[in-house]
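The values are calculated or read from the model by the stated rules, or taken from the named source; none is laboratory data. Here the structure is a predicted model, which is why all the values come from computation and not from measurement. Glycine also receives a Cβ, built like all others from the backbone with ideal geometry; neighbour counts cover every protein chain displayed.
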Amino acid sequence: MGLRIGDTAPNFQADTTEGKIDFHEWLGDSWGILYSHPADFTPVCTTEIGRTAQLKDEFAKRNTKVAVVSVDDVKSHNEWKKDVNETQNTSVEFPIIGDEERKVANLYDMIHENASATATVRSVFFIGPDKKIKASITYPASTGRNFAEILRVIDSLQLTAKHPVATPADWVPGNDVIIGLGVKDEEIEEKFPKGHKIIKPYLRTTPQPE
Ligand code: BEZ
């Protein structure tokens, strides 16, 4: 069975384009994103790795480290990285993990045999500072990821880890949020001094706390 929300993100040691890492040690106290791509020297993957590099400051602002994996080796990643830098006008500085033995791919169930027997799908794992899986998204090889959505999920996870709130459909930072069902009506004013609306007993909103 694949990894589920609340499971510990499996640790591993691996060779990467930034040297050898122990995944948990490398994460330290940061949030983490581990994502897989199907193969080096492929077009959609080239744009994804480039976009990730372009968003370096956005991930840093969120105290989030990104590592990427495919079943290619580090030599191939390093050769391909030059193309990514050139075509996407960026500088890839995060680790791309060499996983030719599929150790990481198997640990994270990233090879979906009915899609491809050999290549990883586009998995994304969001990992908290406690090393637990907080969310995951899976795309097929033919669909490049939406990195605005990935940043949005990190924002929601970090906000809801800090405050007893949930984020509604299509929420983006700055929008109102939903007051958690565990908060009693009589506690709202103290917990959410910016104001609130009670639309239904179970649907109560407040401006984003921060
Ligand atoms: C791509 O990155 O473009 C790609 C990789 C594997 C299969 C299909 C597309």
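Surrounded by 16 or more Cβ atoms within 10 Å (Cβ to Cβ) and in contact (Cβ under 8 Å) with a residue 40 or more places away in the chain: is that true of residue 178 in this structure? When the stated conditions are applied, residue 178 does not pass them. Against the criterion of being within 19 Å of residue 123 (Cα to Cα), basic (Lys, Arg) and crowded, with 17+ Cβ neighbours inside 10 Å, residue 81 does not qualify. Within the option set 118, 138, being out of contact with any strand residue (DSSP E or B) (no Cβ under 6 Å at 6 or more places or on another chain) and among the hydroxyl-bearing types (Ser, Thr, Tyr) holds for one residue only, 118. Pick out the one residue from 154, 127 that is touching a Leu at 6+ places or on another chain (Cβ under 9 Å), touching a residue at least 24 places away in the same chain (Cβ under 8 Å) and on the phi < 0 side of the Ramachandran plot. Exactly one of 154, 127 is touching a Leu at 6+ places or on another chain (Cβ under 9 Å), touching a residue at least 24 places away in the same chain (Cβ under 8 Å) and on the phi < 0 side of the Ramachandran plot, namely 127.
Within the range 81-101, residues that are assigned by TED's automatic domain parsing to the domain that holds residue 69 and modelled with pLDDT of 95 or more sit with their Cβ atoms under 6 Å from residues that are part of a helix (DSSP H, G or I) and hydroxyl-bearing (Ser, Thr, Tyr), at 6+ positions apart or across chains, in these pairs: 84/46. Screening residue 199 against (1) within 30 Å of residue 12 (Cα to Cα); (2) in contact with a Ser or Thr (Cβ under 8 Å, 6 or more places away or on another chain); (3) loosely packed, with under 14 Cβ neighbours inside 10 Å leaves a single unmet condition, (1).
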